[in-house]
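Everything below concerns the one structure shown next.
Nothing in this text is a laboratory measurement; each read-out follows from the coordinates by a stated rule. Predicted, not measured: the structure shown is a model, and the values here were computed from it. In this analysis, Cβ positions are derived from the backbone assuming ideal geometry, glycine residues included, and neighbour counts consider all displayed protein chains.
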Amino acid sequence: MRSEVRCLREQISQLKEKESCLVKENALLREKCKRLPQLPSAASKGVPPFGTRPTY
């Protein structure tokens, strides 16, 4: 039982480290995306949203 608890605590610790890395990576990617020029959205091109039927 104690070894299971120890194993779970190690997994939690590893996941917290991974979460921290992902949060940092996400922040970097958000900053990178802010600097990119905005592309026109699909709606402004007249493309219907996914899953809707076109009206002809």
- request: Would you work out which of 27, 38, 14 lies farthest towards the positive end of the dipole of the chain, given +1 charges on the beta-carbon of Lys and Arg and -1 on that of Asp and Glu, about the Cα centre?
  value: 38
query: How about residue 34: which aspartates and glutamates have a C-alpha closer than 18 Å to its C-alpha, ignoring those fewer than 8 places off in the same chain?
result: 25
message: Quick check: net charge around residue 24, other residues with Cβ under 14 Å of its Cβ, Lys/Arg +1 and Asp/Glu -1?
response: 0
query: Using helices alone, what [θ] at 222 nm do you get for the chain, with -39,500 (n - 2.57) per DSSP H run of 4 or more residues, divided over all residues and rounded to the nearest 500?
result: -21500 deg cm²/dmol
- line: Here the gain from full extension of residue 35 to residue 52, 0.36 nm per residue of separation minus their alpha-carbon distance, amounts to 2.9 nm
- request: Quick one: angle between helix 2-34 and the longest Cα principal axis of the chain, in degrees between 0 and 90, rounded to 10, please.
  value: 30 degrees
